[in-house]
Amino acid sequence: ATGLRFESEDMVDALVAAATQAGGLPLLQFALAELWEARDEAAGLIRRSALEAIGGVGGALAKHADALLVTLAPAQRAEARRLLVRLVTLEDTRVRRTGAELDAEHPPTRAALDALVRGRLVVAHEDEAGGAFELAHEVLIREWGTLRRWLHEDADKRAVRERLAAAAAEWARAGRPADALFSARQLREAEALGPDGLGDREAEFLRASSRAVRRERWLRIGAAVGLPLALAAAYAGALAKSRRDVARRVDALVADDRGRLQAARAANAEAGALRAEAFRLFDAGDRARGEGVWASALERTAAAGREFAEAGRAFETAYAQDPTRTDVRALLGQTLYERALLAEAAGAADQADELAQRFALYDPSGELARRWNEPALVSLAGPPAGARVALEGGPGPARELGQTPLPPTSLARGSYVLVLSAPGRATVRYPVLLARGERLALSIDLPDAAQVPEGFVYVPPGRFLFGSAGDEEVRRDFFDTVPRHEVHTGGYLISRTEVTIAEWISYLEALPPAERDRRTPNVGHRLGLSGALRLERRPDGWRLFIQPLGKAYEVRAGERLVYDRKERVEQDWLRLPITGLAADDASAYASWLDASGRLPGARLCTEHEWERAARGADGREFPQGDRLGIADANIDQTYGREAMGPDEVGRHPASRSPFGLDDMVGNAFEWTRSFLDGNTFVGRGGSYFHDLKTSRLANRAVIPATLRDVVLGVRLCVTFPPPQSP
C-alpha cells in the first residue's frame, strides 16, 4: 500500500523462520514495528542494516526495552524496576494491578509508569476501579534479559514482597486495625526488602507495624520494671483480645478459602471427565463431537486454574496475618501442590515446576515433595527368560537393569527406552513414559531374529502420546490433529528407512509393461510450487530426472547424482527415497510384497503406528527430542532453497527415532492411513521441500489419495506375526 519493500527475500525468510519459534509472533510483531520506524523512505526500502541495528527479531524487544531504561533518570529507573517486577507473578506470568496497588499517584512512580506505557512495555487499562496496568506481553518475561535478571535477583524477596503487599492491602481495606499489622518476626523478614522497591502503602504499613512493635516492647519493659499490674493486665487482655480477633478473622478467611478450594477441585474433576470423554470420541473417529467436548474441557480446566489461584492467594493472605497457623500453611501447600498437578495435566511443564518449588516452602514434613517425586515401579517378563535388559534415557547414563523376569525396579518418573536382547532373538527397543507412583508390569516378547527382516524393527504392543499439546489454533488449523493423549497400538514391524528408488525399480521390473508404465513415477510438483521427477527405463538401464526446485539433474545407472551445493554433494540416487507416488501406488507395492512372499503382511502404516515409531512414548516434537537443528534432518533450510533435494535414506542419524528409525522427519512425506478413516490417507513427517513447522511429528497433511507429487513417498509396516497362508 505504501510502495515499501524489504531489501531482500533472505530478510523475509529470516523473519518468517524467527516467527516459527515458541513466542515468535509477539517478537516478530514488535520487530516489524521497529523496522517500520527505521524504514528508508527515500529508497522505499526496509534495509537489512535496520534489522541488524535493532538486534534482529530475537533482540529487538530487549534492545528497545534496555534503550528505554537508559533514558530514565536514576530515581525513575529504580521505580521502573519495582513496577515491572510487581507486574510479574511468582509463577512468572503477567498480572494486572491497579494504580493504587502500584502507588501510581506517587510522582516518581507516575513518571516511570508513563514512560513504560509510552515505550509499549506496559499497557494501561480502564476498569471499574480506575486505571490498571499489566505487561504488554508474556514474551517480555521470557525474552528480556534485564527483566529476567531482576526477577532472578529478587527471587528470594518476591514472595516476601507479595505477602507484604497482601497484608498492607488487607490492612488498608479493613480500616487500618492494629491487629492486622506485622509482628516483630514478620518485620525482621521484611527488612530484607530494604527501603527501595516499596510502594507508599507498603512503607506506611511497615512504619505502623514498627511503631506497634516498639509500643509493645516498651509495655513489656514497663511491666518488667514495675508498671502497675493493672496496666499489664489491661495490655494482656488487649493482646489476648487482639489474638482472638486475628484468629476469628483468619478462621473466616479459611472458611471462605476452603469453599474456593472445593470449587477448584470440582472444576478439575469435571475437566478430567471431559478430557477422558473427548479422547474417547477422538479415538473412536468422531472428531467433530470430540472437539466440542474438548472445548468444554479446556473451559473447565481454565476455571479450575482460576479457582486454585484464588484459593492460593487467599490462603497466603490468611497465613500472612498469622504465620503461627500450621493448618493454614498446610492448606496453602496443598493448594499449590494441586495447582502443580493441574498445570502438568494441561501440558504447562514450566509452570508445574515453578509451583513445585513454591509448595516446597510450605511442606515442612516433606510429604508433598515425596508425593510429587514418588518413583514408578517397573517389572518385566519375557519371553524369553534370561534376556538382558538395559536402560537408556532419564537421569544418568545408560545402564544394565538385569535379566528377565525383572523384579519391580524403582525409576524416577520420566521418559526411558528399555533395550532387550537375547541370543537368537531380535533386539527390541521399548520406549516408555513413566508417571509418578505408577506400578507397571510389562510383558515383552522378543521375536526370533529370523522373523524380523533386514531393514525392519519390531515395535511391541504398547502405549504412547499421540497428537499435539501446542497452541489450540495451530493444533486444529495447521497440524490438523487431536489434543495429545495416550493411545495404544498392537505389535508390528516397520522399515528403518523410506522405500528407496532401487527397491521401487525391483518392483517395476516384476510388473507387466502396462502396469509398469502406470506405476513408474513421472510427476510435477502439485503442492503449489515447482519441481519434477521422472524415472525412465531405457535399453542401457534406468535413468532419473529430478528437478527439486530450480536446477534439473539427470543421472544414469552407475552414475552418482551430484548436487550443486556444499554438503552431501554426491548421492547414490538408487538410495534416494522413491517419491512421486499416489496412495494407490504405495498400497499396490505393499500388496505385491505380501502376495509374492517377499514380505508377508506388508502394508501401509496407520497414523498411530507411524507416530509411535517416530516419537517413542513421550510427547516430543521431533524424533530425537523437542528441538531440531537444520543439519539434523533434510528440510527446506538444510541446504538452502536453491540447493534442496532428497538425500540418500539414513544420511541424517542425528534425528533417529527412539525405535532406531531414520528420516521420520524431512526427506519425503510418507503415506499413512488416517486414524479417523482407514480409507483416507495422510502424509506424515514433512519433506526436503517443507519447513520446520510442517516437519513436526504432530503435523498431519490430509492428501487426496490420487495425488502424485515429487515429495510423496512411503515407509512400510508389516503385520506381526504375519497372517498364515491358507
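Longest span of the chain, sites excluded, free of GluC sites (Glu not before Pro) in DSSP loop with at most 11 other C-beta atoms within 10 Å? So the longest stretch without any such site is 129-453.
Once you reduce region 63-99 and region 382-456 to the center of their Cα atoms, the two points are 52 Å from each other.
Rolling a 1.4 Å probe across the protein heavy atoms gives region 1-140 an accessible surface of 49 Å² per residue. Phi angles across region 411-427 convert, under the Karplus curve 6.51 cos²θ - 1.76 cosθ + 1.60 with θ = phi - 60°, into 3J(HN,Hα) values of 9, 4, 4, x, 9, 9, 10, 8, 10, 10, 8, 7, x, x, 10, 5, 6 Hz, Gly and Pro given as x. Principal-axis analysis of the Cα atoms of the chain puts helix 56-70 at an angle of about 20° to the longest axis. Just tell me which aspartates and glutamates come within less than 14 Å, Cα to Cα, of LYS566; anything on the same chain fewer than 8 places away is out. Leaving aside aspartates and glutamates fewer than 8 places away in the same chain, those within reach of LYS566 are GLU642, ASP647. Computed over region 331-385, the percent of Cα pairs more than 19 Å apart is 37. The alpha carbon convex hull volume per residue for region 99-175 rounds to 115 Å³.
Mind pulling the angle between the C-alpha long axis of helix 326-345 and the longest principal axis of the chain? Nearest 10 degrees, somewhere in 0 to 90. It works out to around 20 degrees. Accessible area per residue for region 355-398, computed on protein heavy atoms with a 1.4 Å probe, is 48 Å².
For region 438-578, the Kirkwood hydrodynamic radius comes to 19.4 Å, computed from all pairs of different C-alpha atoms. Given a 1.4 Å probe and the protein chains as shown, HIS488 ends up with an accessible area of around 120 Å². Average projection, convex hull of the Cα set of region 612-662: 3.5 square nanometres.
The residues packed around ARG684, meaning those with a beta-carbon under 12 Å from its beta-carbon, carry a net charge of -1 if Lys and Arg are +1 and Asp and Glu are -1.
Cβ under 13 Å from GLU143's Cβ, GLU143 left aside: what net charge do those residues give with Lys, Arg +1 and Asp, Glu -1?
Working: positive: LYS63, ARG142, ARG148, ARG149; negative: ASP66, ASP92, GLU138.
Net local charge, GLU143 excluded: +1.
Looking at [x] 56, 28, 23; [y] 61, 34, 20; [z] 47, 34, 22, which value of semi-axes √(5λ) of the Cα gyration tensor in Å comes from a calculation on the structure shown? Given [x] 56, 28, 23; [y] 61, 34, 20; [z] 47, 34, 22, the structure-derived one carries the label [y].
Each listed q (0.14, 0.19 Å⁻¹) maps to a log10 I(q)/I(0) for region 539-652 from the Debye sum over equal C-alpha point scatterers, namely -0.83, -1.19. Tell me the carbon and sulfur percent of the accessible area for the chain, rounded to whole percent, probe radius 1.4 Å. In the chain, the share of accessible area belonging to carbon and sulfur is 53 percent. Using only Cα atoms, tell me the angle between helix 287-321 and the longest principal axis of the chain; keep it within 0 to 90° and round to the nearest 10. Approximately 30 degrees, to the nearest 10. Working note: 222 nm ellipticity from helices only, DSSP H runs with n ≥ 4, each -39,500 (n - 2.57), summed and divided by the residues of the chain, gives -13500 deg cm²/dmol to the nearest 500.
The values are calculated or read from the model by the stated rules, or taken from the named source; none is laboratory data. Note that the coordinates shown come from a computational prediction; the quantities given were computed from them, not determined experimentally. Virtual Cβ from ideal backbone geometry, glycine too; neighbours counted across all protein chains shown. Protein only, heavy atoms only, side chains kept; ligands, DNA and RNA dropped before computing areas. Shrake-Rupley method; radii C 1.70, N 1.55, O 1.52, S 1.80 Å.
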